[in-house]
1. Report the Cα centroid-to-centroid distance between the range 152-167 and the range 54-129 in angstrom, as an integer.
2. Using the Cα atoms of the range 52-117 to build a convex hull, what is its mean projected area in square nanometres?
3. Testing the spin-label approximation: label points 7 Å from Cα along Cα→Cβ at residue 168 and residue 149. State their distance in nm.
4. For the range 56-64, take each phi angle, set θ = phi - 60°, evaluate the Karplus expression 6.51 cos²θ - 1.76 cosθ + 1.60, and give the result in whole Hz per residue in order, putting x for glycine and proline.
5. Given Cα pairs under 8 Å that are at least 6 residues apart, what percent is the relative contact order of the range 34-140?
6. What is the Cα radius of gyration of the range 80-174 over 2.2 N^0.38 Å, N being its residue count?
Amino acid sequence: MKKSIFAGFALLVGLAVGWGVGWPAPAGAAEPDFFGFSAGGYDVNDDNMAAEFRVEYRSDLRFWKLLPFIGIAGTTDEAIYGFAGLGIDIFLGRRLVVQPNAAFVGYNKGNGKDLGGEFQFRTGGEIAWRFDDWSRLAVAFHHISNAGIYDDNPGTELLVLTYSVPFTKAPKSRAGDTNR
């Protein structure tokens with residue numbers, strides 16, 4: 001079971017990155033950095049669901065086409081986790097942005113779900129609508145698990161609504177900018 005989940009994730013990431021490589025990014029490469037604010041459900045696949053609240057910073061730096069991000073989240077079950085990772089923006093026209101991403105996670109369960117240990121991995125993505133002021137409203141779905149590095153690996157799913165606000169001024173519109 002663990003191997004098939006990992007293989008499925010590897011295939012998904014490979015397809016997303018491959019698609020992103022071939023997708024033109026004329027204005028996407030000039031996106032500003034963002035502060036993101038999220039709220040939604042933690043452990044939505046289980047009967048112990050809690051509310052989750054999250055803040056994150058998404059840098060405007062690029063490593064190839066990958067975007068670094070860092071954040072912190074907490075749940076109403078007093079679980080808290082910090083995360084840092086990479087994502088890739090895939091523009092589907094001028095408004096719709098799909099971002100698959102993956103992160104390393106430091107997790108403290110509080111009174112929440114025991115995920116088997118403190119070190120976890122978060123994978124998933126979001127679908128966002130980009131407004132004229134470059135802010136984004138997104139629905140995000142993520143899976144957190146330890147990928148089998150501990151004996152117990154129950155994993156959990158997150159479903160949140162995210163509003164991302166540009167932290168720096170948006171780049172000026174350029175001639176031929178199809179994403180603005």
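1. Distance between centres, Cα-based: 6 Å.
2. Averaging across all directions leaves 5.4 nm² for the Cα convex hull.
3. Using points 7 Å along Cα→Cβ, the separation is 3.1 nm.
4. 8, 10, 10, 6, 8, 5, 10, 10, 6
5. It rounds to 17 percent for the range 34-140.
6. 1.29
Read-outs: derived from the displayed coordinates by stated rules, not from any lab. These numbers were taken from a predicted model, which means no experiment stands behind them. Every residue, glycine as well, gets a Cβ built from its backbone with ideal geometry; the counts of neighbours run over all protein chains shown.
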